[in-house]
Amino acid sequence: MYKVLLIEDEEATRKHLAKYIEKELFEVIQAENGLIAMELFHMEHPQIVLTDLKMPGIGGMEVVRTIREISAETEIIVFTGHGDVDTAITALREGVLDYLKKPIDLNILTIALGRAKEKINMRKKEIFIPNILLVEDEGIPRTWLKYVLEKEDWKVLEASNGEAALTIFTLIKMDIVLLDIKMPKMNGLEALHLMRSINDDFEAIIISGHCDEHSAIQAMRDGAMSFLKKPVDLDQLILLVEKAIKKLQNDRELKYRTRELKLAQEIIAQITNEGEVPAINCKTIVEQAMILAQKSLSGSQVLNK
C-alpha cells in the first residue's frame, strides 16, 4: 500500500479527501500546514504528495520545490483555487504530476492517483493485482469460486447478498465485481445499478441461472461486461476475469493519457502566451490516446459478442 502525504489547511476538506483516498487503498498521512508536512515527509517517506498551493506560512510551491530537491521520484499533485491556475501550470512545468481545481472533482482525483501509482509501479516493476468482489448467496459455490479465483493470485472479497456487497463496495476500491442475479435483500441488478452510481471505475460480470438470461442481458446494457451461466464453467470464469482486467487496464490507461494530453496542452498554451518557444510536443500523447481508445473499443466489442 502506497503512502500519500495530504497537505490541506482546511480541516473539513482534508478529512473528506483523506477518507476518499483511503478508500482508493492508499495509506494517508495528514498535515495541516507546510511546516508539519515537511517534518512528516522526512519521517514517513511518502511516495505521493497532495498539497494545496495556497496555505499560511510555507506555501504549496515552496513545499513542491523542497520535495523536488529531496526526492525526484516523489509524485506530486497540487490543489488550486480558481485564481491560482497559472501557478498550478507553472508547477506542472517544474515536475508536478497533476493539478486539481477546487472544489475537487473526485473522478479527476482518482485519475491523478491512478497516474501516480502507474508511474511508481513502472519504476518498481510491480504487477497489478485486482480487487475482486464475489457476490453469491449460496455458501458452498461462493467458497469454491473464491478458492479458484485466489489460486490466480487475485485478491477476493466475498458477500452473501446485494446489501452486503454494496457496503463493501462503498468502503473499499473494487476492480472487478462478480454478481449473482438472484439474491435475498437486494438482487444483482439493483446492486450493480447502485454501484455504478457510486463509482464507474470497475468491470462487472453477472452470474445467472438458466431462467435469468433476459436479466443478464439487461445487466450488460446497464454496464456489465458479460455474464456466466450456472453451473459456472471455471475455465470460462478465469478467462472472463482476465479479459475484464485487461479491459479495465486499457480504459484506465486511456483516461491517464487523455489527462496527460490536456495538461500538456495547458502548458503549451501558457508557454505560448509568455512568448517562449514550445518545448513540448504532445503528438506522442495524442497517438497513444488514439491507440488505447481503439484497443478499448475493440475489446468491448469482442467481449459483448
Study note, to complete from the structure: Note: among I127, I168, just one is open to solvent by 70 Å² or more (accessible area, probe 1.4 Å) and among the β-branched types (V, I, T), namely I127
Review point. Quick one: in the range 43-60, which of the residues that are surrounded by fewer than 18 Cβ atoms within 10 Å (Cβ to Cβ) and in contact (Cβ under 8 Å) with a residue 12 or more places away in the chain is farthest from A91 (Cα to Cα)?
Key: E44
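Which ones in the range 173-182 are in contact with a strand residue (DSSP E or B) (Cβ under 7 Å, 6 or more places away or on another chain) and of a type outside the set (D, E)?
At the first step, the residues of the range 173-182 found to be in contact with a strand residue (DSSP E or B) (Cβ under 7 Å, 6 or more places away or on another chain) are 173-181.
Correct list: K173, M174, I176, V177, L178, L179, I181.
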Study note, to complete from the structure: Within the range 98-119, the count of residues that are within 26 Å of K243 (Cβ to Cβ) and β-branched (V, I, T) comes to 2
Practice item. Could you identify the single residue in L240, L254 that is open to solvent by less than 60 Å² (accessible area, probe 1.4 Å), closer than 30 Å to G95 by Cβ and of a type in the set (A, V, I, L, M, F, W, C)? Key: L254
Practice item. Output the residues belonging to the range 1-30 that are out of contact with any strand residue (DSSP E or B) (no Cβ under 7 Å at 6 or more places or on another chain), within 22 Å of G57 (Cα to Cα) and outside any helix (DSSP H, G or I). Key: E10
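Please determine whether any residue of the range 73-88 is open to solvent by 50 Å² or more (accessible area, probe 1.4 Å), at pLDDT 95 or above and either closer than 19 Å to E22 by Cβ or charged (D, E, K, R) (or both). Break it down stepwise before answering.
As a first pass, look at the range 73-88 and keep what is open to solvent by 50 Å² or more (accessible area, probe 1.4 Å): 73, 82-83, 86-87.
Within this subset, residues satisfying the condition of being at pLDDT 95 or above are none.
No.
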Review point. So which residues in the range 61-87 are part of a helix (DSSP H, G or I), more than 17 Å from T13 (Cβ to Cβ) and in contact (Cβ under 8 Å) with a residue 12 or more places away in the chain, if there are any at all?
Key: M61, E62, V64, R65, T66, I67, R68, I70, V85, D86, T87
Point to revise | Meets criteria (touching a helix residue (DSSP H, G or I) at 6+ places or on another chain (Cβ under 9 Å), surrounded by 14 or more Cβ atoms within 10 Å (Cβ to Cβ) and not in a loop (DSSP other than H, G, I, E, B)) for I36 | key: no
Point to revise | Restricting the range 183-237 to residues that are modelled with pLDDT of 90 or more, acidic (D, E) and more than 30 Å from I108 (Cα to Cα), the residue that is surrounded by the fewest Cβ atoms within 10 Å (Cβ to Cβ) | key: D235
Practice item. Please work out if E138 is charged (D, E, K, R), in contact with an Asp or Glu (Cβ under 9 Å, 6 or more places away or on another chain) and touching a residue at least 60 places away in the same chain (Cβ under 8 Å). Key: no
Check your understanding: Looking only at residues in the range 10-27 that are of a type in the set (A, V, I, L, M) and without any contact (Cβ under 8 Å) to a residue 60 or more places away in the chain, which one is surrounded by the fewest Cβ atoms within 10 Å (Cβ to Cβ)?
Key -> A12
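The values are calculated or read from the model by the stated rules, or taken from the named source; none is laboratory data. Computed from a predicted model, the values in this text were never measured in an experiment. Backbone-built Cβ (ideal geometry, glycine too); neighbour counts: all protein chains shown. We work out accessible area using only protein heavy atoms, side chains counted, and drop any ligands, DNA or RNA first. Shrake-Rupley method; radii C 1.70, N 1.55, O 1.52, S 1.80 Å.
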